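Report on one structure; see the data block that follows.
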Protein chains: 2
Amino acid sequence: MAVYRAFVTITLKKGVLDSQGKAVASSLHDMGYGKLEEVRVGRYVELALEAASHDEALTMTESICDDLLVNDLIEERRIEVVTGP
Amino acid sequence: MAVYRAFVTITLKKGVLDSQGKAVASSLHDMGYGKLEEVRVGRYVELALEAASHDEALTMTESICDDLLVNDLIEERRIEVVTGP
């Protein structure tokens, strides 16, 4: 068993209205950032988990995403798994 | 002028209590994920912006982080800038 770290980035699928991103973009425009074209806001989750292999750590992370972290209807995820605590 | 995309990952500094992460970890333990050691929850922001160069895009993104996105007292940020819409 070794310790792995999984980095999960969760974003809204393209086409899903990102009201939080639009609010941030609007604030930034008001603050003078005229060259800003778009803002999309998502979530980021870091997991530390024990697993026998990189593949097992990845499978466990995908399962955790399915069970709790990600709403597949409107969100998509990117997962990166690295070795080490 | 070209369009750049900036990816900003914002996490709580080490040592700052991550109550949201602890809540997620507790839920996952209750769901049977006993090998999970730690969860840290952060934010993720994607920006699309016009700039004359990669450096200008990075500088603008850092300025946006300072002005609105990141609370430097308790949070840290990682920025990646790439070319393209």
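Counting only residues that are within 12 Å of chain B (Cβ to nearest Cβ) and of a type outside the set (A, V, I, L, M, F, W, C), region A:63-75 holds 4 of them. Of all residue pairs spaced 6 or more apart or on separate chains, none has beta-carbon atoms under 7 Å together with a first member in region B:35-58 that is at positive phi and a second member that is of a type in the set (A, V, I, L, M) and surrounded by 17 or more Cβ atoms within 10 Å (Cβ to Cβ). Within region A:1-30, the set of residues being under 17 Å from residue A:44 (Cα atoms) and basic (Lys, Arg) comprises A:5, A:13. Among the residues of region B:43-56, those identified as within 12 Å of the chain's Cα centre (by Cα) and open to solvent by 20 Å² or more (accessible area, probe 1.4 Å) are B:43, B:46.
Residues that are closer than 30 Å to residue A:55 by Cβ and either among the aliphatic types (A, V, I, L, M) or in contact with a Pro (Cβ under 8 Å, 6 or more places away or on another chain) (or both) within region A:1-37 comprise A:1, A:2, A:3, A:5, A:6, A:8, A:10, A:12, listed in sequence order. Would you tally the residues in region B:3-17 being in a loop (DSSP other than H, G, I, E, B) and either buried (at least 19 other Cβ atoms within 10 Å of the Cβ) or in contact (Cβ under 8 Å) with a residue 24 or more places away in the chain (or both)? Residues flagged as in a loop (DSSP other than H, G, I, E, B) and either buried (at least 19 other Cβ atoms within 10 Å of the Cβ) or in contact (Cβ under 8 Å) with a residue 24 or more places away in the chain (or both) within region B:3-17 amount to 2.
The one condition from (1) in a helix (DSSP H, G or I); (2) buried (at least 18 other Cβ atoms within 10 Å of the Cβ) that residue B:59 does not meet is (2).
Can you pull out the residues in region B:18-53 that are assigned to a strand (DSSP E or B) and among the small types (Gly, Ala, Ser)? Steps first, please.
To start, the set of residues in region B:18-53 that are assigned to a strand (DSSP E or B) comprises B:36-51.
Across region B:18-53, the qualifying residues are B:42, B:48, B:51.
Taken over region B:18-42, the criterion of being out of contact with any Ser or Thr (no Cβ under 8 Å at 6 or more places or on another chain), of a type in the set (D, E, K, R) and open to solvent by 40 Å² or more (accessible area, probe 1.4 Å) is satisfied by B:22, B:30, B:35, B:37, B:38.
The values are calculated or read from the model by the stated rules, or taken from the named source; none is laboratory data. Please read all numbers here as calculations on a predicted model, not as lab measurements. Heads up, the Cβs are rebuilt from the backbone with ideal geometry, glycines too, and the neighbour counts pull from every protein chain shown. Heavy atoms of the whole protein, side chains included, go into the accessibility calculation; ligands, DNA and RNA do not. Shrake-Rupley method; radii C 1.70, N 1.55, O 1.52, S 1.80 Å.
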